[in-house]
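I have a structure I would like to understand better, so I am pasting it below and will then ask my questions one at a time.
The values are calculated or read from the model by the stated rules, or taken from the named source; none is laboratory data. Note that this is a predicted model, so its numbers are computed, not measured. Glycine also receives a Cβ, built like all others from the backbone with ideal geometry; neighbour counts cover every protein chain displayed.
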Amino acid sequence: MRKNAWKMAKVNLKRLRAPYVVTGIVAGASFLNTLVFVILGLAGVNVSGGGMDSAGNMLWLLPLLAGIFIPAKNFRRIINLGGKRGSFFWGSLAAHAALAFMVSLASLALFYTFDRAVESAGFFDVWNFIEVLGWAQRGPIVAFLQQFAFLFLLATFAHTLTAMQGKWYGWATNIALVAIVSVFTPIAPLRAGLAWFFNLILTHHLPFMQILACIALGLGVYALSKPILARKAV
């Protein structure tokens, strides 16, 4: 089973052309835009007084899009080619973990090299989620783990939600999510509960709590997709 799961993970990672292309275009455009303004600044043009999003932020699109693409497109292709549903389940989980790892590493590298260099030049600020969310305060290793854990949760949530679509429980979940945002936001006690949840998975003052919460929630949410995939028509 483990060997088949790794093979399935590799297949999933290879069959993500659209997410790779979209993420590459968006992140590349963001990087080039920042680079152009840096060149203008070096040429004497006044480009100060604002800030730009880091290209590393755009890389977050990849685990999100993969979480949608794998159950929506790859599942049918792989099962029709003789793949086993159990292997697909474990292989997809490994693929999501691998993508979260790679994106976290790439985003961290951009933050500590290009983003920091641009800010040191004094032209403008570069807004990277690693710094905005406070993950950089405890060093690169903790920042990497916090980012990895959140991206893992993001990917597994997108995977499970996508796998539900087309069924009554998928529509019910969509409605519930919209209701939570629309109902919880205007009511103070409920809004506080919603803020507590996002603080737990994003900005908790104890990094290990944020990391454990994201991984535990990611695994729990992803487990819900197993019975869904077991019955999903191809």
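State which residue pairs qualify: first residue within 14 Å of PRO63 (Cβ to Cβ) and inside the stretch 154-165, second residue among the aromatic types (Phe, Trp, Tyr) and assigned to a helix (DSSP H, G or I) in any location, beta carbons under 9 Å apart, and separation of 6 or more residues or different chains.
From the stretch 154-165, the pairs are ALA155/TYR222; THR156/TYR222; PHE157/TYR222; HIS159/TYR222; THR160/TYR222; THR162/PHE69.
Has the stretch 6-23 got any residue that is small (Gly, Ala, Ser) and under 27 Å from LEU105 (Cα atoms)?
Yes.
Continuing with the same structure: How do the pairs read when you match residues in the stretch 33-49 that are loosely packed, with under 11 Cβ neighbours inside 10 Å with residues anywhere that are outside any loop (DSSP other than H, G, I, E, B), using Cβ under 6 Å and keeping only pairs 6 or more apart or on different chains?
Pairs found: none.
Looking at GLY218, GLY139, GLY170 in this structure, which one is crowded, with 16+ Cβ neighbours inside 10 Å, under 30 Å from SER30 (Cα atoms) and among the small types (Gly, Ala, Ser)?
None of the others qualify; the one that does is GLY218.
Are there any helices (runs of 4 or more DSSP H) wholly within the stretch 50-152 with 3 or more residues that are hydroxyl-bearing (Ser, Thr, Tyr), at negative phi and touching a residue at least 40 places away in the same chain (Cβ under 8 Å), and if so which?
85-110
For the stretch 19-26, state whether one or more residues are touching a residue at least 40 places away in the same chain (Cβ under 8 Å), of a type outside the set (Lys, Arg) and either crowded, with 19+ Cβ neighbours inside 10 Å or assigned to a loop (DSSP other than H, G, I, E, B) (or both).
yes
Are any residues in the stretch 182-234 closer than 24 Å to GLY67 by Cα, assigned to a helix (DSSP H, G or I) and small (Gly, Ala, Ser), and if so, which ones?
Passing the criteria: ALA213, ALA216, GLY218, GLY220, ALA223, SER225, ALA230.
Results for (1) hydrophobic (A, V, I, L, M, F, W, C); (2) under 25 Å from LEU110 (Cβ atoms); (3) at pLDDT 90 or above, shown as yes or no for each residue.
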| site | (1), (2), (3) |
| --- | --- |
| PHE152 | yes, yes, yes |
| THR156 | no, yes, yes |
| TYR169 | no, no, no |
| LEU177 | yes, no, no |
| THR203 | no, yes, yes |
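Return the residue satisfying two criteria in turn: it lies in the stretch 88-126 and is hydroxyl-bearing (Ser, Thr, Tyr) and crowded, with 21+ Cβ neighbours inside 10 Å, and of such residues it is farthest from LEU62 (Cα to Cα).
Checking each candidate, the answer is SER92.
Can you name the residue in the stretch 27-49 that is part of a helix (DSSP H, G or I) and of a type in the set (Gly, Ala, Ser) and, of all such residues, is farthest from ILE70 (Cα to Cα)?
Let us first name the residues in the stretch 27-49 that are part of a helix (DSSP H, G or I), namely 27-42.
When the remaining residues are screened for being of a type in the set (Gly, Ala, Ser), the result is 27-30, 41.
On the way: ALA27: 21, GLY28: 23, ALA29: 25, SER30: 26, GLY41: 42 Å.
Only one residue fits best here, namely GLY41.
Name, by its number, the condition in (1) of a type outside the set (Lys, Arg); (2) surrounded by fewer than 20 Cβ atoms within 10 Å (Cβ to Cβ); (3) within 11 Å of the chain's Cα centre (by Cα) that does not hold for PHE152.
(2)
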